[in-house]
Amino acid sequence: MDDIRSSLDNMVDHFNDSITHSAPKKLLFNRLSISLSDDSASLPKKRRVEQESPNCSLNSTTDSTNNSASDSNGTWKMNKLRAELIETKARLSQVQDQLKQNETKRRMELSLAESKVSALKTQCDFTSQKLLDLTKDMENRRGLENSYKEEARRAKAELAGLKLKYDETVNKLKNEKSQQEQDARDVQLCINNELGDYRRQAQRAELELQSTLKELECIRQRHDEYKARMSGYEELRANFEKQQQSLKVADERIKELEFEIQSYTDWKQVTKVSQERLASIPEMDSELQRLRVHNKQLNKIIGDKLLLEEQVHEYKARLDKEEGSRAEAAALQVKLSHTERELKEWVKVAQDHCLANTLVSPVTLRSRIEQLLQGDIVHVSEKYASESESKQMRNLVRDLEQKIRVYLKNIEDLNMSLKRHKNFKDRLQRKLRTVSRERDFYKQMVDNFDKDLTMSNASVAEMTQDMQVRYRVDVLERTLTGYKDLCTTLDREIQAMREQEQLSDPSSEDYENVKKELDTLRLENDRLRRRKEEQELEIMQRCLRQDISPPISKVVHLVDNPAAEAYESSKNMLEKLQAEIERLKRHNKKLEDANEQHLNETTSTSTGGMTMNFKELNKLRAELESANAKLGKTKEYFMAARKEFRDVVYMLLGYRIDRVGYKSNYRVTSMYAESPDDYFSIALSESNDLALLETPYSETLQPALDQQLAANNSFPPFFSSLTLDLFQRATVTMT
Amino acid sequence: MSSAQATKNCITLKGSAQIIVEYLKYGIHSILFQRGIYPAENFDSTQQYGLTILMSKDPKITTFLQNVLSQTEEWLSKNMINKISMVITNAHSKEVLECWDFKMQAENGDNQAADPSQRTSSKDQTRIQNEIRDVMRQISATVSYLPLLDCICTFDVMIHTLDNTELPAKWDETGAIVIQNAQAVQLRSFSTGLHKVETVVNYKMST
């Protein structure tokens, strides 16, 4: 840029030099022109003439010289010279014009050149500016280029780093891959080994299976054998059972026969006994008669005894009654004395309450009481009346009090107005007083003036001037004090008036308005206070809850806290449980599949048997139910039959036999028994022997027992004889 | 406790922090027992503040509280804690059921020294202990009105520190907790003269 500028400057200088090179010419020309002009134009005519005078002198000298030569020629020559001079002058003017033209031309050129120079300069400035901009731009570009280059270098470095890293990772991955491949190979080997193991195991298992199958076949064969044997055994058992049954039948038969034999022996004994009895019938008859007589006597005696007992009982009852009545009588006597005492008291009370002359009697007492009660009633009614009256009075009093209050209020109002009036009156009086004082004062003043006048008129002669003046001064001073007093009183009055104005109570209407306003304001105040309290509570709540924007803080906690641990453990637990569920589901499915396969394969396996078992169970259950129902029915039927049978036996044989207790104890009750307590207790021993147990009733029949049971060792005759006996006795008592 | 009492019954900032941390330890153990967050057979009774307080025997809980409270003491002695929250959450759903806030407020103490570590308080130790005892009593009385926690619960301790605190290792920043439909109950507060501790329980209203 500077180079360009310098070169441009050089160019300009060169140009100027060229101009200056031309200038000497011009200057020369100028000087020439100036000299010319000096010579011709600029100088005044006279001077020019004077200047010309040397020439002239020269000419004159020449002239003189010429004159010396010839005078005639001289005039011609002079003319000629003059003409030449004029000519030269014209030429000179011409030259001068030309010079002027040249100068103007030169000036024009100069101005043109200057303008060109200025234009060139501006262009040069502009270009230099541009150049500067371009250089700056260039620098910027260079900086950018440098930065880009650096970036490129950095990127290259990063690229190299990344390359290295990736190479490393590639190497690592390759290593890993190789390792994994090795692992895979190992695993494959392991698997192959395991597979071989498993195969071997499977072969072994197959062998075992075959052996077990063989065994199974053996077992089946054996089973068949056993079955055949079992059928043989069953046949044998059936035979055995048949034999046993026949044995039982034979036993029963033997027993029956034995029983018959026994009964036959019994019969033998019975026949013997009866034969003996038959032999002893006449004796027995006589004895019977004797016994009957005896019995009759005994019966009579018993009847008498019963009669006596009845009488004794009656007497005893009477005695009891008597004793009761005696005790009652004693109690009554006590009561009587008590009542008599009471009666006496009552009589005393009656005497106290009755009139002195009248006879004391309950009637009078009653009348007295009635009188008193009536009096009471009257009193009560009077009391109620007085109460109602008092109530009325109270109401009245209340009304009156209210009225009084109203009146009091009125009185107060009136008092207030009275006070006001009084005040007003006082004020008026005071005013009147002041007015009167003023009047007095004016009067005094008038008197003074009068006195003055009289003094001026009458006593001038008597008093000296001085005295007069003093007197007047006194009088004037007094009037002045009077004025002052007046002023003070007026001031005081004004003050009092003002105070009264201030004190004067506001009118009732204003007061009411103010009161209302006060009330409303109070209500407003209460409302606002309540609102304030609510707001405070709200604020407190919010403060507690930290709803108000908390101060800038961050919440931190220890990473391994119990909460995180609990979350983790619960998550783990959940996962574990889900895994467990998944496992169980798979297991379940497997089992189901296996079950199905099993079912498909064989129906006689245990699982198949299970369903069979279920079916069987259901069937058995149904059977059980039907059997139960059957059993119930048969039981009912049996019960009914048993009852009927028992009734029939009872009616036919006259004895009811009840089984008592879990041991084979039997209670035998006769149809003709006198009381339900008359029963026999009989036990069946293990050897099928019957034994009579002792009961209160059996003791009473000891002789009959001894006679028949001990003698015959048989129950039926004993029971039949007893039945007969009882029947006879019952019919005797009936008749 | 003896170090808390420097000279002439003066409590320094460190001592105050120690007292508060002790209160927090017993308070949190007591809440764990009272709210039935861990089975009652895992607790042992000790005497403190004139009360019988049940402390957890579980080594996990004790070590956790030891770690948290030692850090709390360090921060408290620099007045960097606004609030400590003990949050009780449902272990399965992570729902926040209860939040016990222990709000800390720094106090000036006796001498309003510019350097907080030079401040001391001459508040009587027994008075502070009595105040803490009252708060502990209230904590055990809250069981009567707090809703029954009928699910498996767990707890966490969150510390609200200043924004510029540096977190040590194993500490992590977590968000603020929110309880739906919350109800707050303010318990008594106590002061060591250098710290004022307010205890507030926020619990989820049972619908």
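The values are calculated or read from the model by the stated rules, or taken from the named source; none is laboratory data. It should be emphasised that the depicted structure is a prediction, and the values quoted were computed from it without experimental measurement. FYI the Cβ positions are ideal-geometry reconstructions off the backbone, even for glycines, and counts take in every protein chain you see.
Per-structure values
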quantity: Residue satisfying condition, being at pLDDT below 80 and of a type in the set (Phe, Trp, Tyr), within set A:TYR511, A:TYR471; calculated: A:TYR471
quantity: Residue match in the range B:106-116 (condition: under 17 Å from the mean Cα position of the chain (by Cα) and in a strand (DSSP E or B)); calculated: yes
quantity: Any hit, the range A:576-584, residues being in contact with a strand residue (DSSP E or B) (Cβ under 6 Å, 6 or more places away or on another chain), among the small types (Gly, Ala, Ser) and either more than 30 Å from A:LEU726 (Cα to Cα) or at pLDDT below 85 (or both); calculated: no
quantity: Residue check, A:VAL334 in a loop (DSSP other than H, G, I, E, B), at negative phi and surrounded by 10 or more Cβ atoms within 10 Å (Cβ to Cβ); calculated: no
quantity: Residues being at pLDDT below 90 and among the basic types (Lys, Arg) - total across the range B:1-30; calculated: 2
quantity: Yes/no for B:GLY36 being more than 15 Å from the chain's Cα centre (by Cα), modelled with pLDDT under 90 and outside any helix (DSSP H, G or I); calculated: yes
quantity: Residue satisfying condition, being surrounded by 10 or more Cβ atoms within 10 Å (Cβ to Cβ) and either on the phi > 0 side of the Ramachandran plot or part of a helix (DSSP H, G or I) (or both), within set A:TYR672, A:TYR650, A:TYR666; calculated: A:TYR650
quantity: Where a residue in the range B:81-107 is within 9 Å of chain A (Cβ to nearest Cβ) and aliphatic (A, V, I, L, M) and its partner, wherever it lies, is in a loop (DSSP other than H, G, I, E, B) and surrounded by fewer than 19 Cβ atoms within 10 Å (Cβ to Cβ), with Cβ under 6 Å and at least six apart; calculated: B:VAL87/B:ILE177; B:ALA91/B:ILE152
quantity: Residue tally, condition among the hydrophobic types (A, V, I, L, M, F, W, C) and touching a residue at least 60 places away in the same chain (Cβ under 8 Å), over the range A:234-286; calculated: 2
quantity: Exclusive hit being touching a Cys at 6+ places or on another chain (Cβ under 9 Å) and either under 30 Å from A:LYS344 (Cα atoms) or surrounded by 11 or more Cβ atoms within 10 Å (Cβ to Cβ) (or both), set A:ARG368, A:ARG427; calculated: A:ARG368
quantity: Matching residues in the range B:184-197 - criterion: being in a strand (DSSP E or B) and more than 9 Å from chain A (Cβ to nearest Cβ); calculated: B:LEU187, B:ARG188, B:SER189, B:PHE190, B:SER191, B:HIS195, B:LYS196, B:VAL197
quantity: Residue tally, condition farther than 19 Å from B:ASP156 by Cβ and outside any strand (DSSP E or B), over the range B:43-75; calculated: 4
quantity: Selection status of A:HIS313, touching a Leu at 6+ places or on another chain (Cβ under 8 Å) and free of Cβ contacts under 8 Å to residues at least 24 places away in the same chain; calculated: no
quantity: Positions within the range B:144-169 being without any contact (Cβ under 8 Å) to a residue 40 or more places away in the chain and within 7 Å of chain A (Cβ to nearest Cβ), in sequence order; calculated: B:ASP163, B:LEU167
quantity: Leading residue by the ranking (surrounded by the fewest Cβ atoms within 10 Å (Cβ to Cβ)) among those in the range B:171-183 that are facing chain A (nearest Cβ under 7 Å) and either under 30 Å from B:LYS123 (Cβ atoms) or of a type outside the set (Asp, Glu) (or both); calculated: B:GLY175
quantity: Answer residue from the range B:31-80, given it is closer than 20 Å to B:MET136 by Cβ and of a type in the set (Gly, Ala, Ser) and is farthest from the other protein chains (Cβ to nearest Cβ) among those; calculated: B:GLY50
quantity: In the range B:155-183, the residues that are closer than 29 Å to B:ASP58 by Cβ and part of a strand (DSSP E or B); calculated: B:PHE155, B:ASP156, B:VAL157, B:MET158, B:ILE159, B:HIS160, B:THR161, B:TRP171, B:ASP172, B:GLU173, B:THR174, B:ALA182
